[in-house]
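Here's the structure we're looking at; comments come further down.
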Amino acid sequence: EQAEVKSLVVADGDRFVGGRLKTAIELKTNRPRVGKELEPTVGAFFGIVPDYTFTWRRANWAKTWETGAIGRNRAYTPTERDYGKWLRLTVSNATEAVFSKDLFFSSLPVCYLTTDDGRAPSASKEVHTGSLFVQGNDAFKHQYDGRLEFHVRGDSSVSHPKKSYKLKLDEKTKMFDLGDKKNRHWVLTSNYHDVSCLRNKLAADFANEIGSLGMRSTWTDCVLNGEYIGTYVFMEAIRIAT
């Protein structure tokens with residue numbers, strides 16, 4: 001005797017609802033680069049791959065989306081025109097969207113900070129827990145994907161619209177080959193009064209080149225709770241040994 005399957009829950013949480021198949025979809029963004037295809041993986045359910053449609057869209061840093069799609073194939077190959085832009089992949093079946101993912105496409109690594117409560121830190125003593133995913137680029141592979149605590153860094157700079165942050169990772173990690181050892185403590189410096197984001201980094205780099213002591217660093221773009229917040233300098237944190 002045949003019966004219609006109304007709802008079936010499988011081990012990974014995907015659902016078969018009202019006879020419509022939904023399966024696991026993933027878009028890896030560990031190291032997006034110009035000329036390299038971005039293509040989601042679509043899992044099969046008992047050997048069946050659903051007939052999905054794929055839509056790629058593009059927006060500026062403030063998420064003002066362009067009219068119309070930039071791609072309707074499963075894969076999309078970024079170009080230099082996509083630098084500094086958001087890319088969004090939406091996967092749909094005949095009736096609804098079943099998967100969507102946004103990524104900020106940059107020539108720099110991208111730090112995605114997400115707070116557990118959805119609020120951005122605003123005061124120096126205000127510690128937030130959350131997660132950090134650091135997307136790679138041409139120069140660096142994916143760096144970190146895990147938990148952290150972070151708070152606003154600085155005194156007078158706390159009042160700036162673009163704030164600096166002190167990061168404490170859950171696991172010791174050697175970020176961007178900075179320093180000789182793994183560390184949990186790192187800094188994201190906003191350089192609010194330096195629109196070039198050059199002065200602090202060049203001074204520290206020059207100190208290291210002449211054999212003095214300077215914090216090692218690299219530039220990154222930053223996204224906080226899904227919103228692009230600008231270019232930062234990711235650097236070592238100076239701490240007094242006890």
_Tell me whether the stretch 220-233 contains one or more residues that are more than 19 Å from residue 114 (Cα to Cα), more than 15 Å from the chain's Cα centre (by Cα) and without any contact (Cβ under 8 Å) to a residue 60 or more places away in the chain._
no
_Any residue that is in contact (Cβ under 8 Å) with a residue 24 or more places away in the chain and either in contact with a Ser or Thr (Cβ under 8 Å, 6 or more places away or on another chain) or closer than 21 Å to residue 190 by Cα (or both) - is there at least one of those in the stretch 68-83?_
yes
_Tally up the residues in the stretch 39-54 that are β-branched (Val, Ile, Thr), more than 27 Å from the chain's Cα centre (by Cα) and either buried (at least 16 other Cβ atoms within 10 Å of the Cβ) or in a loop (DSSP other than H, G, I, E, B) (or both), please._
1
*Please name all residue pairs, on different chains or six or more residues apart, with Cβ atoms under 8 Å, provided the first residue is in the stretch 17-29 and is at pLDDT below 55 and the second residue is among the polar types (S, T, N, Q).*
17/7; 18/7; 20/93; 20/95; 21/93
*Looking only at the stretch 72-84, which residues are open to solvent by less than 50 Å² (accessible area, probe 1.4 Å) and not in a loop (DSSP other than H, G, I, E, B)?*
76, 82
*Does the stretch 142-152 contain any residue that is closer than 26 Å to residue 42 by Cα and in contact with a Ser or Thr (Cβ under 6 Å, 6 or more places away or on another chain)?*
yes
*Quick one: residue 191 ticks every box in (1) at pLDDT 85 or above; (2) in a loop (DSSP other than H, G, I, E, B); (3) farther than 25 Å from residue 122 by Cα bar one, so which box is it?*
(3)
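One line per residue, one yes/no per condition, for (1) in contact with a helix residue (DSSP H, G or I) (Cβ under 9 Å, 6 or more places away or on another chain); (2) free of Cβ contacts under 8 Å to residues at least 60 places away in the same chain; (3) open to solvent by less than 40 Å² (accessible area, probe 1.4 Å):
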{"residue": "144", "(1), (2), (3)": "yes, yes, yes"}
{"residue": "196", "(1), (2), (3)": "no, yes, no"}
{"residue": "206", "(1), (2), (3)": "no, yes, no"}
{"residue": "209", "(1), (2), (3)": "no, yes, no"}
{"residue": "215", "(1), (2), (3)": "yes, yes, no"}
_Can you tell me which of (1) modelled with pLDDT of 90 or more; (2) in contact with a Gly (Cβ under 8 Å, 6 or more places away or on another chain); (3) among the aromatic types (Phe, Trp, Tyr) is the one residue 232 doesn't meet?_
(2)
*Give 209, 236 a once-over and let me know the one that is acidic (Asp, Glu) and within 22 Å of residue 128 (Cβ to Cβ).*
236
*residue 138: out of contact with any strand residue (DSSP E or B) (no Cβ under 8 Å at 6 or more places or on another chain) and free of Cβ contacts under 8 Å to residues at least 40 places away in the same chain, yes or no?*
no
*asked:* One residue is enough: does the stretch 114-130 have a residue meeting the conditions assigned to a strand (DSSP E or B), in contact (Cβ under 8 Å) with a residue 60 or more places away in the chain and buried (at least 18 other Cβ atoms within 10 Å of the Cβ)?
replied: no
*Count of residues meeting criterion [farther than 21 Å from residue 223 by Cβ, open to solvent by less than 50 Å² (accessible area, probe 1.4 Å) and either in a helix (DSSP H, G or I) or among the charged types (D, E, K, R) (or both)] in the stretch 159-186*: 0
*Specify which of the listed residues (94, 69, 62) is closer than 23 Å to residue 219 by Cβ and not in a strand (DSSP E or B).*
62
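The values are calculated or read from the model by the stated rules, or taken from the named source; none is laboratory data. Source: prediction; values computed, not measured. Cβ sites come from the backbone with ideal geometry, for glycine too, and all protein chains shown count toward neighbours. What goes into the accessible areas is simple: the full protein's heavy atoms, side chains included, and nothing from ligands, DNA or RNA. Shrake-Rupley method; radii C 1.70, N 1.55, O 1.52, S 1.80 Å.
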